[in-house]
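The values are calculated or read from the model by the stated rules, or taken from the named source; none is laboratory data. Since the structure is predicted, the reported quantities are computational estimates derived from the model, not experimental observations. Neighbour counts run over all protein chains shown; Cβ positions are idealised from the backbone, glycine included. Heads up: the accessible areas ignore ligands, DNA and RNA and are worked out on the full protein's heavy atoms, side chains in. Shrake-Rupley method; radii C 1.70, N 1.55, O 1.52, S 1.80 Å.
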Amino acid sequence: MIIIPTDPRNEGAVRDSIMNSSSSFRELQLYGRKVILAESTENADLTVLKQRAIVVESGLFSRETKSSDTWVDVDNIRVGSGKLIIAAGPCAVESETQMLQIAEEVKKRGADILRGGAFKPRTSPYTFQGLGAEGIRILRKARDMTGMPVVSEIMDQKDYPIFSGNIDLLQVGSRNSQNFSLLKFLSGVREPILLKNGMATSVEEWTGSAEYILSGGNQNLILCFRGMRNIEGATRFSMDTGVISVMREQTHLPLCADPSHPAGHRNHVEALALSAVASGAGMLEIEVHNDPDRALSDSAQQLTVEQFDHLVKNARKIWDVVSKGNN
Ligand code: PEP
Ligand code: MN
């Protein structure tokens, strides 16, 4: 149970009342306020508690905990604070030449953040697994060259020392969205986290994963919708942008959308990107390659730089319409 004292002067009384219920609890500071997380408050006097505190039913991710939008700082790029943020780059870092070339191209065309996978969660162990630590070194070089912060997927806590200080935004991919030991570990790091939904998880399960990060005290969390497993098969996954609209209502956290993986083919990425922005996603993560047909992973869905250029222009137009409509 989540308990937020309404006033610092109430904290002692609220703590006493939880202690009387003999529930184990811990406290943390989140968004400038004291939050008490109690395991169970079955015996607590809820009427007393509710006079002095907000008892949150849904979660730390929800607007019940914080009504105003949260923005997350990714090395001075503010995600969720009025500007549409675009992260772009290849599915995987394949070589230094490839990465540096794509980094320059996407920067020229308006990307704010650079993406690139170094540790790749591939379906088959017989396919390209990423360059690992060498990939992180290359991303760091691209970061230094372009000045753009970098997002990259972390699959295992043991790799954290390689990421730390080099990668600005740690991505938790769809396949690890419910890897609770990884989530618990990331709840204690200082870097912001980009948490994707699991491809077959419900919104409730996804926000449950978000709770693991927030409840450990890492308040710098961005949620990224990357579509869900579908039975149709025309696209790789289904990007039900209604989910983004529902989430916009439910959560104060910044919302990102990845239209590349659900589209599965480059010709459909822009359509999904624009509908995601129209539905309230304030950040996009897009796969772009300098030679997509020869890419070592997700070849069909990676955009050419020209397609990326087109997408960025239109996405910013849609964002203007949507954000002005909210003011
Ligand atoms: C990725 O962004 O490279 C990726 C593997 O995405 P997802 O986890 O959404 O499949
Ligand atoms: Mn990919």
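Odds and ends about this structure:
- Yes/no for Glu285 being part of a strand (DSSP E or B) and in contact with a strand residue (DSSP E or B) (Cβ under 9 Å, 6 or more places away or on another chain): yes
- Residues satisfying the stated conditions in segment 29-45, i.e. surrounded by 14 or more Cβ atoms within 10 Å (Cβ to Cβ) and not basic (Lys, Arg): Leu30, Tyr31, Val35, Ile36, Leu37, Ala38, Thr41, Ala44
- Counted residues, segment 203-219 - those being over 13 Å from Thr65 (Cα atoms) and either crowded, with 19+ Cβ neighbours inside 10 Å or touching a Gly at 6+ places or on another chain (Cβ under 9 Å) (or both): 11
- Listed by first and then second residue, the pairs linking a residue in segment 168-191 that is farther than 18 Å from Asp258 by Cβ to a residue that is open to solvent by 60 Å² or more (accessible area, probe 1.4 Å) and more than 16 Å from ligand 2 (Cβ to nearest atom), with Cβ atoms under 7 Å apart and 6 or more places separating them unless they lie on different chains, are Phe180/Tyr212; Leu182/Gln157; Leu183/Tyr212; Lys184/Tyr212; Phe185/Gln157; Ser187/Tyr212.
- When segment 290-302 is limited to residues that are of a type outside the set (A, V, I, L, M, F, W, C) and within 12 Å of ligand 1 (Cβ to nearest atom), the one that is surrounded by the most Cβ atoms within 10 Å (Cβ to Cβ) turns out to be Gln302.
- Hey, Ala263 within 14 Å of ligand 1 (Cβ to nearest atom), open to solvent by less than 10 Å² (accessible area, probe 1.4 Å) and of a type in the set (Gly, Ala, Ser) or not: yes
- Candidates Leu274, Leu284, Leu311 - the one that is at pLDDT 95 or above, open to solvent by less than 10 Å² (accessible area, probe 1.4 Å) and more than 16 Å from ligand 1 (Cβ to nearest atom): Leu311
- Scanning segment 1-17 for residues that are in a loop (DSSP other than H, G, I, E, B) and either open to solvent by less than 40 Å² (accessible area, probe 1.4 Å) or of a type in the set (A, V, I, L, M) (or both) turns up just one, Met1.
- Number of positions in segment 58-82 that are among the basic types (Lys, Arg) and free of Cβ contacts under 8 Å to residues at least 24 places away in the same chain: 1
- Options Arg266, Arg229, Arg248; residue that is among the charged types (D, E, K, R) and closer than 23 Å to Leu114 by Cβ: Arg266
- Residue within segment 199-218 that is among the small types (Gly, Ala, Ser) and within 16 Å of ligand 2 (Cβ to nearest atom) present: no
- Number of the exception - Asn290 against (1) part of a loop (DSSP other than H, G, I, E, B); (2) over 13 Å from Ile102 (Cα atoms); (3) not hydroxyl-bearing (Ser, Thr, Tyr): (2)
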